[in-house]
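Trainee: Input: one structure, supplied below.
The values are calculated or read from the model by the stated rules, or taken from the named source; none is laboratory data. In this text, all values refer to a predicted model and were calculated from it rather than measured experimentally. Cβ placement follows ideal geometry from the backbone for every residue including glycine, while neighbour counts extend to all protein chains displayed. Protein only, heavy atoms only, side chains kept; ligands, DNA and RNA dropped before computing areas. Shrake-Rupley method; radii C 1.70, N 1.55, O 1.52, S 1.80 Å.
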Amino acid sequence: MLASGNSSLHPVSFILLGIPGLENYQFWIAFPLCAMYLVAVVGNIIVLHIVQTDHTLHEPMYLFLAMLAVTDLALSSSTQPKMLAILWFHAHEIEYHACLIQVFFIHAFSSVESGLLMAMALDRYVAICFPLHHSTVLTPAVVGKLGAAVMMRGLLWVSPFCFMVSRMPFCTNHVIPQSYCEHMAVLKLVCADTRVNRAYGLFVAFSVAVFDIIVISISYVMILRTVLRLLSEEARLKAFGTCASHICVILALYIPALFTFLTHRFGHHVPRVVHVMFANLYLLVPPMLNPIIYWVRTKQIRDRVIQGCCGKDP
């Protein structure tokens, strides 16, 4: 069924298939996905609560971590509840505007997450390479402006996705062969020339990811040069230790993202079920792993988690 718009026709709803090829196992697959989602939600809420309530953690590193926790909550919650409803209750239908909202949230907050990792790399660079100026360069006001800039970039870069798609006519096929709406999946259902949309999608992907990766790489090259010049081995280990958590978080985001992107663009011989599973995990694994990594690798966070669990000082 189609609804009329000002200049195009769009369907009332789309059909999300879930995990094509594993229909007989979807009910059971939902349990580990639900467990991962619960870990992501609880873990990020705990991190956010710790940073918010402990004024000694109101430093750039932890403020960025709090922003990352909010982003992870938004990113995982934009897809997982609907995905679980599909796998458990066969709620395959998603309303047209809800689908576009999901497209917006997925791509906007993926951009924000990448931008926050870039900002955190800059924070580590200033903290290690210019330790005496760290508190004066990265003030709370500067941290807030960096966070706002990253958020605005995500909103402004991704908004045209939804606007351009909403102005185009759709074919009679309204089936999306995965568990959530994302830009390329929706674009494949359009009955019009989508070269401009595809080109803009590639521009956004490369302008965000490539720029952020370049800044992160340069930051860590400068950090490595500074650390290797330290005379004390203990000082070098301490400096590396402060970066270990951030490096793990970077790998947790970019490795699944790169694999998903490459298989989507070039992996035509990769089974569809592999595409769909990695697409699901790409939006779930980083939000789940990020709080765990910081609990394990960051003493201040770990101590406060232990204190909260045991009801005493660590």
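Trainee: When the Cα atoms of the chain are enclosed in a convex hull and the volume is divided per residue, what value in Å³ results?
Mentor: On the way: hull volume 48.1 nm³, N = 314.
Per-residue hull volume (Cα only) is 153 Å³.
Trainee: Where does each of 144-153, 79-88 land if you order them by average Cβ count within 10 Å, highest first? The partial results should precede the final answer.
Mentor: On the way: 144-153: 16.4, 79-88: 19.6.
Highest to lowest by the protection proxy: 79-88, 144-153.
Trainee: For the chain, what is the charge dipole size about the Cα centre, in debye to the nearest 20, if Lys and Arg each add +1 at the Cβ and Asp and Glu each add -1 at the Cβ? Numbers along the way, then the final one.
Mentor: Numbers: 19 positive and 15 negative charges, 106 e Å.
Value, rounded to 20: 520 debye.
Trainee: Additional query: Report the relative contact order of the chain, percent, no decimals, based on alpha-carbon pairs under 8 angstrom and at least 6 residues apart. Could the numbers behind the result be given before it?
Mentor: Details: 369 pairs, mean separation 84.1, N = 314.
27 percent.
Trainee: Next up: Roughly speaking, to the nearest percent, how much of the chain's 1.4 Å accessible area is carbon and sulfur? Intermediate results must be reported in sequence, preceding the final value.
Mentor: Numbers: 11170 of 15660 Å².
Carbon with sulfur: 71 percent of the solvent-accessible area.
Trainee: Tell me the net charge near Lys82. Cut-off is 15 Å between Cβ atoms, Lys82 excluded, with +1 for each Lys or Arg and -1 for each Asp or Glu. It would help to have the intermediate numbers written out before the result.
Mentor: Numbers: positive: none; negative: Glu93, Glu95, Glu182.
Taking every Cβ under 15 Å from that of Lys82, the sum is -3.
Trainee: By per-residue mean of other Cβ atoms within 10 Å, what is the highest-first order of 288-298, 23-33, 108-118? Walk me through the numbers before you get to the answer.
Mentor: On the way: 288-298: 20.8, 23-33: 13.7, 108-118: 24.4.
Packing order, densest peptide first, comes out as 108-118, 288-298, 23-33.
Trainee: Show log10 I(q)/I(0) for region 132-179 at q = 0.18 Å⁻¹, two decimals, from a solvent-free Debye sum over equal Cα scatterers.
Mentor: Cα-only, vacuum Debye calculation for region 132-179: -0.74.
Trainee: Moving to a separate point now. What is the Cα radius of gyration of region 38-100 over 2.2 N^0.38 Å, N being its residue count?
Mentor: Values: Rg = 15.7 Å, N = 63, 2.2 N^0.38 = 10.6 Å.
That ratio works out to 1.48.
Trainee: Same structure again: Tally Lys/Arg at +1 and Asp/Glu at -1 over every other residue whose Cβ is under 14 Å from the Cβ of Pro177; what's the total? Before the final figure, lay out the partial values.
Mentor: Working: positive: Lys188, Arg272; negative: Glu23, Glu182.
Spelling it out: positives minus negatives among the neighbours equals 0.
Trainee: Let me ask another. Spit out the partnerless Cys residues in the chain, using Cβ distances under 4.7 Å as the pairing rule.
Mentor: Cys34, Cys129, Cys162, Cys243, Cys248, Cys309, Cys310
Trainee: If you don't mind, there's one more thing I want to ask. So, for the chain, what is the accessible surface per residue at a probe of 1.4 Å, expressed in square angstrom?
Mentor: On the way: 15660 Å² over 314 residues.
I get 50 Å² per residue for this part.
Trainee: For Lys188, which aspartates and glutamates qualify as cross-link partners when the Cα separation must be under 19 Å and same-chain residues fewer than eight apart are set aside?
Mentor: Filter leaves Glu93, Glu95.
Trainee: How far is helix 299-310 tilted off the main Cα axis of the chain, in degrees rounded to 10, range 0 to 90?
Mentor: For 299-310 against the chain, the angle is about 80 degrees.
Trainee: Going highest first, how would you order 95-103, 171-179 by mean Cβ packing within 10 Å?
Mentor: Details: 95-103: 18.2, 171-179: 16.2.
Sorting 95-103, 171-179 by mean packing, highest first, produces 95-103, 171-179.
Trainee: Run down the aspartates and glutamates and flag those whose C-alpha is under 16 Å from the C-alpha of Lys145, throwing out any fewer than 8 positions away in its chain.
Mentor: Within the straight-line cut-off, Lys145 pairs with Glu59, Glu113, Asp123.
Trainee: Using alpha carbon centroids, what distance separates region 65-120 and region 287-306, in Å?
Mentor: Using only Cα atoms to place each centre, the spacing works out to 22 Å.
Trainee: I want the local charge near Val51. Using Cβ-Cβ distances under 12 Å, sum +1 for each Lys or Arg and -1 for each Asp or Glu among the other residues. Could the numbers behind the result be given before it?
Mentor: Values: positive: Arg304; negative: Asp54, Glu59.
In short, -1.
Trainee: Ok, one more. Return the sequence-ordered ³J(HN,Hα) values of region 192-203 in whole Hz as given by the Karplus equation 6.51 cos²θ - 1.76 cosθ + 1.60 applied to θ = phi - 60°, using x for Gly and Pro.
Mentor: 6, 6, 10, 4, 5, 4, 5, 5, 5, x, 5, 4
Trainee: Sticking with this structure for a sec: Could you give the size of the charge dipole of region 162-314 about its Cα centre, using +1 on the Cβ of each K and R and -1 on the Cβ of each D and E, expressed in debye and rounded to the nearest 20? Can you show the working numbers first?
Mentor: Numbers: 15 positive and 7 negative charges, 19 e Å.
With Lys and Arg at +1 and Asp and Glu at -1, about 100 debye.
Trainee: I've got another one for you. For the chain, build the charge dipole from Cβ charges (+1 Lys, Arg; -1 Asp, Glu) around the Cα centre, then report which of Leu289, Trp28, Ser77 sits farthest towards its positive end.
Mentor: Leu289
Trainee: Could you pull out every residue, at least 5 positions away or on a different chain, whose amide H is within less than 5 Å of the one on Phe170? Hs are placed 1.01 Å off N in the peptide plane, and Pro or chain starts have none.
Mentor: Distant-sequence amide H within range of Phe170: Leu9, Cys191.
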